[in-house]
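Here the structure is laid out as structure tokens; the discussion comes afterwards.
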Amino acid sequence: LAAHPWEAGSEARVGVVIRFDAEAAWWADRRLDPAVERRPTRDGGVEVTLQVAHLDAFIGWLLTFGAEAEVISPPEVRQAVIDRVRGVA
């Protein structure tokens, strides 16, 4: 079974880069699988790369962080998050 909702699904997996600010970086360090690629940022945050197979579940989860998390890439996933926030999707 998948450990997180965004890992389960029939969609092709896509690597999504997320930047967590310093307020939420601790969460990534403690809650995400140790195998998840992490890169510290200069402001005390962290960037992680997650393999996403269920985009809708991923967006729902990501939005729980509010402004403390931002999709960096790929552009189509970033746009999907923006569309959800604006109520387009």
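The values are calculated or read from the model by the stated rules, or taken from the named source; none is laboratory data. Model, not experiment: these values are computed from the prediction. With ideal geometry, Cβ positions are generated from the backbone for all residues, glycine too; neighbour counts draw on all protein chains shown. Accessible surface areas use protein heavy atoms only, side chains included; no ligands, DNA or RNA. Shrake-Rupley method; radii C 1.70, N 1.55, O 1.52, S 1.80 Å.
Among the residues making up region 64-83, those that are more than 17 Å from Ala28 (Cβ to Cβ) and among the acidic types (Asp, Glu) are Glu76, Asp83.
List the residue pairs whose Cβ atoms are under 8 Å apart, where the first residue sits in region 38-66 and is touching a residue at least 40 places away in the same chain (Cβ under 8 Å), the second is surrounded by fewer than 13 Cβ atoms within 10 Å (Cβ to Cβ) and polar (S, T, N, Q), and the two are 6 or more positions apart or on different chains. Sorted first by the residue in region 38-66, then by its partner, the pairs are Ala53/Ser10. Gln51 passes every criterion in (1) closer than 18 Å to Arg13 by Cβ; (2) open to solvent by 30 Å² or more (accessible area, probe 1.4 Å); (3) at pLDDT below 90; (4) not basic (Lys, Arg) apart from (3). Annotation: Thr64 fulfils all but one of (1) surrounded by fewer than 12 Cβ atoms within 10 Å (Cβ to Cβ); (2) touching a Lys or Arg at 6+ places or on another chain (Cβ under 9 Å); (3) polar (S, T, N, Q); the unmet one is (2).
If you filter region 22-43 down to residues that are open to solvent by less than 50 Å² (accessible area, probe 1.4 Å) and assigned to a helix (DSSP H, G or I), you find that the one that is modelled with the lowest pLDDT is Ala28.
For region 2-16, filtering for residues that are touching a helix residue (DSSP H, G or I) at 6+ places or on another chain (Cβ under 9 Å) and either open to solvent by 30 Å² or more (accessible area, probe 1.4 Å) or at pLDDT 90 or above (or both) leaves 9.
In region 67-79, which residues are among the acidic types (Asp, Glu), assigned to a helix (DSSP H, G or I) and touching a residue at least 40 places away in the same chain (Cβ under 8 Å)? Answer for region 67-79, where residues must be among the acidic types (Asp, Glu), assigned to a helix (DSSP H, G or I) and touching a residue at least 40 places away in the same chain (Cβ under 8 Å): just Glu68.
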